[in-house]
1. Which residue fluctuates most in the GNM of chain B (Cα springs below 10 Å): B:176, B:221, B:84?
2. Please find, in a Gaussian network model of chain B (springs between Cα atoms separated by less than 10 Å), the residue of B:317, B:210, B:116 whose mean-square fluctuation is greatest.
3. Only Lys, Arg, Asp and Glu count, each charged at its Cβ (+1, +1, -1, -1), so figure out the dipole size of the protein assembly as shown about its Cα centre, rounded to 20 debye.
4. Could you check the simple spin-label distance between residue A:273 and residue B:39, using points 7 Å along Cα→Cβ, in nm with one decimal?
5. Would you mind pulling out the separation of the Cα centroids of the range B:292-331 and the range B:189-243, in Å?
6. Sketch the reach of a paramagnetic label on residue A:112 as a point 7 Å from Cα along Cα-to-Cβ, and name the residues of the range A:162-180 whose backbone nitrogen lies under 19 Å away.
7. Could you rank A:169, A:294 by how accessible they are, 1.4 Å probe, largest area first?
8. When chain A is treated as a GNM, springs tying every alpha-carbon pair under 10 Å, which of A:305, A:255, A:19 comes out with the largest mean-square fluctuation?
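The values are calculated or read from the model by the stated rules, or taken from the named source; none is laboratory data. Model, not experiment: these values are computed from the prediction. Note: ideal-geometry Cβ built from the backbone for every residue, glycine included; neighbour counts use all protein chains shown. We work out accessible area using only protein heavy atoms, side chains counted, and drop any ligands, DNA or RNA first. Shrake-Rupley method; radii C 1.70, N 1.55, O 1.52, S 1.80 Å.
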Amino acid sequence: MLSIPFPKPPTSDAAEALRHEVRAFLRETLADRPPAERALSWTGYDADFSRALARKGWIAMTWPKEYGEHERSALERYVVLEELLAAGAPVSAHWIADRQSGPLLLRYGTEEQRREILPRIAAGECYFCIGMSEPDSGSDLAGARTRATPVEGGFRVNGTKLWTTNGHRAHYMILFCRTGGNTEDRHGGTSQLLVDLSSPGITIRPIRDMSGLEDFNEIVFQDVFVPESAVIGELGKGWDQVMGELAYERSGPDRWLSSFALLAELNRHLGSRPSERAQELLGRITAHLVVLRRLSRSVAGMLERGENPALQASLVKDLGTGVEQEIPEIVRQLVDIEAAPGSGDQLSAVLAHTLMYAPAFSLRGGTREILRGIIARGLGLR
Amino acid sequence: MSDTTTILHDTANRLFADTVSASELARAAEGAWLPAQWQQLEELGLTTALVPEDAGGAGLEPADALGLVRLAGYHGLPLPLAETLLAGWLLAHAGLPVLEGPLTIAPARTDNELRLERTGNGWRLRGELDRVPWARHAAAIAALADHDGQPLVCLLTPDGYTLDQAVNLAGEPRDTVQVNCALQNAHVAPAPEGFGPQQLQAAGAALRALAMAGAIDRVLTMSVNYANERKQFGRPIGKFQAVQQNLAVLASQAAAAGAASDIAAEAFGAAPDLLAIAVAKVRTGEAAGSAAGIAHQVHGAIGFTEEHSLHFFTKRLWSWRDEFGREAEWNRLVGQQAADAGADGLWPLIASV
Ligand SMILES: Cc1cc2nc3c(=O)[nH]c(=O)nc-3n(C[C@H](O)[C@H](O)[C@H](O)COP(=O)(O)OP(=O)(O)OC[C@H]3O[C@@H](n4cnc5c(N)ncnc54)[C@H](O)[C@@H]3O)c2cc1C
């Protein structure tokens, strides 16, 4: 049998107890947040909210006491994440640091890096961005050209990173770059550096996306000095490390709940007596979400047990983003309404944002085709 | 899953693999009954897995017993194992005798109406039951009949009905049964508390969800193997990216169906969680259509022949997704529950399954 295994997700009473606490907190904190803002999902940015969340102990939840002081289970963390996303909470500021940069430092960082950075992430004070993509290297990450040349006491970095989400408001970037070898040796000679974005020589230019948001950036490095102490893990091991990081990046409920605000608004609009056709379409999407959630919790269970769910995470992301993209189409089939950005009609405004943002779902974090390639490899076809 | 269950599943898997060959599948599709294979199921105690021990069964946890149905789906087992499990479970839980031999249940379709009347010191049962799985081979049918608004479980034996044979796409018997018989008191009993036609339909839907998940696993396995063997343009077709991407979609559908069928297995019981089973049936049903389509595309013309085994599984998928409620029917249940939950209750509803 060749099916890709998804073990039964573990249950946790502690996590369920936590769920009620999280819901109560969100009900109160987000009471005034209109649907059109909830629709931003995890691109909604609010540093005050991130700090408030940190005070509850809901950032860096699974990290060891010495860095984050929480040591909760991956399942408890999962519950917090899905409740935040379902509520449309503005989590963007700390999201990347909590999801992948922190865990990467925890795994490969030096003691000094961990002591300096991790507690600040846990406090909701320190934000990260991902420096992988470049103008000529998107899906083909190994083609990255940004280079860190060894100099006295560290490196001099030159190159350009692109599509860097939150680059203009993050404190650090985890930079994937070449530190040796040549572009022929595609995987060897790459490394990850912890770059302080206030370093001289860095130019950050926000790029407006087609939905009107300014979330991602072009970041140019011109002779930027980065000290030796900024190397994460091993010099030349960047490729293996970045692959591990992608498993964190792809594994969560942020890959199937991005359009949830729209579904909730649709439900509000349809009311308690939907037509049979509306029942059918709403029922179908709801069923998809229930099953995605089960698959996603299975991945959380694998993380909890220290397994590597990179393959399963790719599969859930591919299925999940497909459903995220279907939701606006379902709304269009059921409601005679035109999408209007900024409309006072919340359904129309939420539909407008979700429609315009939906193309990104199956691009960011690895395109649909790349994910399916990973699944095909998992099936032994490549 | 306990060790004994794992052993039972391994044993069943081996038995199905050994006994369900392509020629057996072909014979069964033509209407043959496979008595030797059935006997082996009985000897291993598989057929009474859901009957409590005090009623003479193996008394497995439902989730474990239903794992057998998924395995049977993987192998295309052309025997009424799922139906016998469900009928035995229902009869035992109603306190009725669980007869030996293959058993089946009458789907609680809206057009399957049975009229039960009191007569002297017994009952008379009349009505027509459509699409009863495997009825022609069954030693008894467990059916629900309404009496004064209360669902009663009836044990029908072949002397009480006549039948017209019909089949599903895969040639599995789906007979029409005309009932007109006297029933003794010992063969009529109240259904378990809260268990009515909708619950029976859900129980059947759960079984089909499991069987579909198994058959989808099978078409995935067949398709990947074929893509590795079949060469065109000088290399295995599985080396072409277009084929790989299709197979990746098939694998994702298989994973979704597997997760959905786990949900169904956990929701099965005397008070089945209708929402969970509805979710499972619609998601496996949708995966079934997608998986069958991709599997045939990957197999090319050879998979379109009667000689190739693929159709034993794809035809089952196309039939099973319609049995015990097609997607539209169960989607309406899910959709109405979502509507009842309202905008703010939708997420808690999803997170409750
Ligand atoms: C909203 C948003 C936020 C982002 N945030 C970040 C960030 O914070 N940090 C960061 O580093 N990057 C970020 N990205 C970039 C993202 O990772 C890339 O967009 C993605 O990896 C694809 O690269 P590309 O856009 O250059 O497309 P390309 O790689 O040029 O791909 C274009 C098309 O070709 C297909 N394709 C490419 N190669 C193959 C192949 N081998 N086989 C089949 N098809 C192929 C792709 O699937 C795609 O459909 C973000 C992107 C978006 C949209």
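1. B:221
2. Evaluated over chain B, the most mobile residue of the options is B:116.
3. With Lys and Arg at +1 and Asp and Glu at -1, about 1260 debye.
4. Going from the residue A:273 label point to the residue B:39 one covers 6.2 nm.
5. 9 Å
6. A:172-175
7. A:169, A:294
8. A:305
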